[in-house]
Structure formats: C-alpha cells, structure tokens
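Undergrad: Take this structure first; my questions come after.
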Amino acid sequence: MKLITSYTSPFGRKVRIVLAEKCIEYQIIEDNPSAAGSNIPELNPLGKVPILMVDDGRTLYDSRVIVDFLDHSTPVGKLIPNEQRQAINVKRREALADGISDAAVLIRQESLRPAQQQSQEWVAHQQAKIERGLASIAAELDEKKWWGSEQFSLADIALGCTLAYLDFRLPKQGWHANYPNLLHFYNQIAERPSFIETSPPLI
Ligand SMILES: N[C@@H](CCC(=O)N[C@@H](CS)C(=O)NCC(=O)O)C(=O)O
C-alpha cells in the first residue's frame, strides 16, 4: 500500500506511527497539498493529506478512517480495543487530540497569509480550542501512564502527535509549563521507535 502525505502533517505522522507499531510495510509518497500540480485533490476531494492507497484499489481518507482500517487489517499491536464502549472512548480521545491539531494547522495557515489579511480574532478563536482541549486532556490523564485506556492505544498516539506538532509549529503555546503531566507523558511516548523514526524534518 501507498501512503501519500507530507512529512510535517500531524495526521500523516499519526498514520505512519500506526503503520510502524503494527509492523505493516508500505511505500510513502511525499506530496504537499498546497503545491502547484499536486494531484491530491483528484484523490481526496477535500484536498488534504494523508491519503492511503490500498492494494485492492481503494483510496482511503481521512486519517481516522485510515487508522481504523489499519488496526482491523492485522491483530498485531492492537490499538483500538475490541469492546465497543472502550473503542468509542479511545476514538473520542483521538478526535479531541486531532481537533487540537486542526486548530494548530489553521493558525499556521493563517500565519502564511499576507499580514493585512490575517485575523487575530480568528487566531484567538483557534487558540481557545487548543487551550480548552489541553486542559481537558491533562485532567483526564491525571497521573496515569496512558490516556486512552489501561493499554497503550491510538488515543496516546494521536496525543503524542498533537503535542509534538504544537512544539513544531506553535513553540510559544506553553503547554510544557502549564501541564507537567502532559510533559511526562510526552517524554515517555517520544522514546518509542515509531515516534523517533517519524520526527518531522528540521526546517
Ligand atoms: N481530518 C483530516 C485533517 C487532514 C489535514 O488537515 N491535513 C492538512 C495537512 S496537516 C492538509 O492536507 N491541509 C491542506 C488543506 O487544508 O488544504 C485527517 O485527519 O486526515
């Protein structure tokens, strides 16, 4: 199978970590949705990465659909619990972590627009989502090792990708100082080989 993504996308990174944790082989095709000539809009009408092209001809998006598909494709390194109530708990947490990344991506995109077109009100609206989301996650995590369930799960991967993306694009956000338990969580998850090998490029 082929994964089309940019190396900086937190959603693409989540999928790459899931592939690594589940020992699934794949080919990566780097593409940038905002580059002229990109064929991403032909594959995903929303014009976003990541996109997974499965060997049976299916084209899958978005990242939540892709990781669900991957987790069901092999029992190795199960990341979504089988029991439905627990599975929904993990997926709700994944949605929350992804939503923080969505807000951070929107702030990043706003910063790339001409200065006179940027809206500080819009940025503050997105920042509030990030702050509420982090406060909620920190309270849920408390002193536990993993956020999603007793076991390492997809929720933890999504949260690790989100925290790393905040450091990458919004380094002044301040979550390290505000949430020591999130920092402890992040320091331990960042040591996993799947996280180390998918670090965003230094740009
Ligand atoms: N909900 C989507 C979000 C994907 C997303 O926002 N990708 C960004 C890159 S990080 C993108 O392709 N943006 C291009 C655009 O919005 O035009 C997912 O989970 O895959």
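Undergrad: Quick check: net charge around residue 155, other residues with Cβ under 9 Å of its Cβ, Lys/Arg +1 and Asp/Glu -1?
TA: Net charge in that neighbourhood comes out at +1.
Undergrad: Still on this structure: Amide H neighbours of residue 48 under 5 Å, counting only residues 5+ apart in sequence or on other chains, H built in-plane at 1.01 Å?
TA: Correct list: empty.
Undergrad: Let me ask another. Okay, helix-only estimate at 222 nm for the chain: each DSSP H run of n ≥ 4 adds -39500 (n - 2.57), divide by all residues, round to 500 deg cm²/dmol; what do you get?
TA: Roughly -17000 deg cm²/dmol at 222 nm, from the helical runs in the chain.
Undergrad: Restricting to Cα pairs below 8 Å that are 6+ residues apart, what does the relative contact order work out to for the chain? Please round to a whole percent. Spell out each step's value before the answer.
TA: Values: 237 pairs, mean separation 45.5, N = 203.
Contact order relative to length: 22 percent.
Undergrad: Restricting to lysine pairs 8 or more places apart or on different chains, what number in the chain have Cα atoms under 20 Å apart?
TA: Number of lysine pairs found: 17.
Undergrad: While we're here: Would you mind getting the Kirkwood hydrodynamic radius of the chain from its Cα pairs, rounded to one decimal in Å?
TA: On the way: mean 1/r = 0.0570 Å⁻¹.
For the chain, inverting the mean 1/r across all distinct Cα pairs yields 17.5 Å.
Undergrad: Once you have the alpha carbon radius of gyration of the stretch 84-192, what is it after dividing by 2.2 N^0.38 Å, with N set to its residue count?
TA: Cα Rg divided by the expected 2.2 N^0.38 Å: 1.11.
Undergrad: Would you mind working out the accessible area per residue for the stretch 84-192, using a 1.4 Å probe, and quoting it in Å²?
TA: I get 53 Å² per residue for this part.
Undergrad: In the stretch 92-203, carbon and sulfur make up what percent of the accessible area (probe 1.4 Å)?
TA: Values: 3160 of 5940 Å².
For the stretch 92-203, the apolar C and S fraction of the accessible surface comes to 53 percent.
Undergrad: I'd like the FRET efficiency for residue 115 and residue 202, computed as 1/(1 + (r/R0)^6) with the beta carbon distance as r and R0 of 30 Å, rounded to 0.05.
TA: Rounded to the nearest 0.05, the efficiency is 0.70.
Undergrad: Then there is this: In Å, what is the Rg of the alpha-carbon atoms in the stretch 2-73, and how long is Dmax?
TA: Taking only Cα atoms of the stretch 2-73, I get Rg and Dmax of 11.3, 35 Å.
Undergrad: Something else about it: Full-extension gain between residue 58 and residue 139, please, as 0.36 nm times their residue separation minus the C-alpha to C-alpha distance.
TA: Full extension of this stretch gives 25.2 nm more.
Undergrad: While we're looking at this one, here's another question. Explain nothing, just compute: Karplus ³J(HN,Hα) = 6.51 cos²θ - 1.76 cosθ + 1.60, θ = phi - 60°, for every residue of the stretch 60-71 in order, whole Hz, x for Gly and Pro.
TA: My calculation for the stretch 60-71 gives 10, 7, 8, 4, 5, 5, 5, 5, 5, 4, 5, 5 Hz in order.
Undergrad: Relative contact order of the stretch 84-192: what whole-number percent is it, with Cα pairs under 8 angstrom and at least 6 residues apart?
TA: 34 percent
Undergrad: Next up: HN-Hα J couplings of the stretch 43-58 from phi, Karplus 6.51/-1.76/1.60, θ = phi - 60°, integer Hz, Gly and Pro as x?
TA: 8, 9, x, 7, x, 10, 10, x, 10, 10, 9, 8, 4, 7, x, 6
Undergrad: Given the Cα-Cα distance of residue 122 and residue 42 and 0.36 nm per residue of separation, how much length would full extension add, in nm?
TA: The residue 122-residue 42 span can extend by a further 25.8 nm.
The values are calculated or read from the model by the stated rules, or taken from the named source; none is laboratory data. Remember, predicted model here, so these are calculated numbers, not experimental data. Quick reminder, even Gly has a Cβ in these numbers, built from the backbone with ideal geometry, and neighbours come from all protein chains shown. Keep in mind that these areas ignore ligands, DNA and RNA; they rest on the heavy atoms of the full protein, side chains included. Shrake-Rupley method; radii C 1.70, N 1.55, O 1.52, S 1.80 Å.
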